[in-house]
Amino acid sequence: MAEIRLEHVTRVFRGERGLLATRRDEGAAVADGLVAALDDLSFTTPEGKTVAVIGPSGCGKSTLLRVIAGLDQGYEGTVYYDGRDMRDTPPRDRYIGMVFQNYALYPHFLGHGNLSFFFRMHKAPDAEAEARIRETAEMMGFGFRQLLGRKPGTLSGGEQQRLAIARAMVRKPALFLLDEPLSSLDAKLRAQTRVEIKRLLNRFAITSIYVTHDQVEAMAIADTIAVMRAGKIEQMGAYAELRAKPANTFIAGFLGPYPMNLLRGEVTERGTVAAGTMEISLPAPIGEQCRSGKGVIVGITPEEMRLDYTERHAEARNALQGEVASIEPDFARRNQYVRVQTACGVVTAAEPSNEPLALTQPVAVSVSGQNVHFFDEKTGRNLAT
């Protein structure tokens with residue numbers, strides 16, 4: 001086990017025009033044909049904890065893993081394992097277990113051979129290798145021993161992934177790196193395998209960094225979530241904390257299956273924010289730093305929005321008028337998420353699943369709760385932080 005600490009790590013690539021256009025759209029640093037995949041990035045993974053790294057495609061997640069693993073040495077800054085600078089330590093001496101999206105198994109070896117390859121390369125005694133393989137097989141649970149006598153080509157995707165995880169675990173790594181390990185599996189296998197991964201990480205308390213696009217996966221497996229954008233960590237914390245107190249509009253608009261509604265508004269002389277035909281009160285501490293006419297982004301979760309679709313909806317005060325653009329049921333929460341096209345853009349509201357609604361139906365949208373966030377229009381920063 002090890003504490004992993006990165007200090008001011010920057011990794012710059014020379015990009016082609018297509019890549020540069022993509023990076024520019026995401027806000028990555030672009031200058032003189034260079035792209036900063038990691039941009040002065042600093043963060044710490046405590047010993048024995050799991051940090052999940054999420055973010056849009058191209059934000060630098062996989063580059064971060066490669067730098068930590070020592071597979072990419074072209075970076076500036078420092079990577080520490082337990083306070084030790086790893087700049088001159090080759091990957092083979094870092095005691096890392098790494099699991100890739102494409103499994104990276106040896107196709108001509110049986111499952112047993114895939115697990116024993118590490119020990120053969122290090123000329124470890126056969127008795128030690130067999131003991132570790134036996135221990136790992138017991139740890140991986142029901143049915144795993146059957147995989148050891150088969151080649152990867154005869155295994156299903158889920159079985160190959162279990163074998164890849166076991167191959168990383170058999171060496172008892174000080175650090176476990178996982179790069180979207182479940183993205184190739186179907187929904188049922190993803191759910192089953194992430195339960196196994198969480199069980200293993202809890203049992204052995206291995207310091208782990210888990211890269212994924214799946215926010216549900218990140219919630220289920222990690223102790224802490226780090227949200228990346230354009231080579232930087234925008235915010236770290238528990239999922240509930242990030243949702244409740246987003247640092248900026250990017251976090252607010254990125255997290256969750258149904259992110260916050262972000263509406264452009266302007267501070268009025270009355271100490272409120274006018275967003276279209278809605279007027280929302282500003283909390284006193286925020287109102288003191290906002291002069292009249294200041295541009296503000298209002299963040300409201302779908303659960304804090306209310307729909308009025310009675311015959312008198314057009315008379316609703318302090319509301320946005322619009323029509324239903326789409327309806328998505330969420331049977332687990334007995335909700336339906338309704339997207340409404342308004343003059344301020346598309347707004348999403350959560351409604352009970354038994355409420356009768358139809359596409360193009362006229363409705364009025366208003367704020368039903370007090371949990372409203374206010375962000376600076378220019379910087380995107382949460383004004384409450």
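The values are calculated or read from the model by the stated rules, or taken from the named source; none is laboratory data. What you are looking at is a predicted structure, and each value in this text was computed from that prediction instead of being measured. Methodologically, a virtual Cβ is constructed for each residue, glycine included, from the backbone with ideal geometry; neighbour enumeration extends over all protein chains shown.
It is to be established whether one or more residues within region 287-295 are part of a helix (DSSP H, G or I), touching a residue at least 40 places away in the same chain (Cβ under 8 Å), charged (D, E, K, R) and outside the structural domain of Val51 (by TED's automatic domain parsing).
Within region 287-295, not a single residue is part of a helix (DSSP H, G or I), touching a residue at least 40 places away in the same chain (Cβ under 8 Å), charged (D, E, K, R) and outside the structural domain of Val51 (by TED's automatic domain parsing).
For region 284-317, give me the residue count where each residue is at pLDDT 85 or above, closer than 23 Å to Ala252 by Cα and either surrounded by fewer than 18 Cβ atoms within 10 Å (Cβ to Cβ) or among the acidic types (Asp, Glu) (or both).
So the answer is 4.
Any idea how many residues of region 344-368 are out of contact with any Ser or Thr (no Cβ under 8 Å at 6 or more places or on another chain), not acidic (Asp, Glu) and not in a strand (DSSP E or B)?
9
Examine region 318-325 for a residue that is surrounded by 13 or more Cβ atoms within 10 Å (Cβ to Cβ) and not in a strand (DSSP E or B), and state whether such a residue exists.
Scanning region 318-325 turns up at least one residue that is surrounded by 13 or more Cβ atoms within 10 Å (Cβ to Cβ) and not in a strand (DSSP E or B).
Which residue, of Met121, Met98, is closer than 28 Å to Glu3 by Cα, under 31 Å from the mean Cα position of the chain (by Cα) and modelled with pLDDT under 90?
Met98
Could you say which residue among Leu182, Leu163, Leu189 is assigned to a helix (DSSP H, G or I), touching a residue at least 24 places away in the same chain (Cβ under 8 Å) and more than 23 Å from Phe119 (Cα to Cα)?
Step by step, each of Leu182, Leu163, Leu189 is checked, and only Leu189 is assigned to a helix (DSSP H, G or I), touching a residue at least 24 places away in the same chain (Cβ under 8 Å) and more than 23 Å from Phe119 (Cα to Cα).
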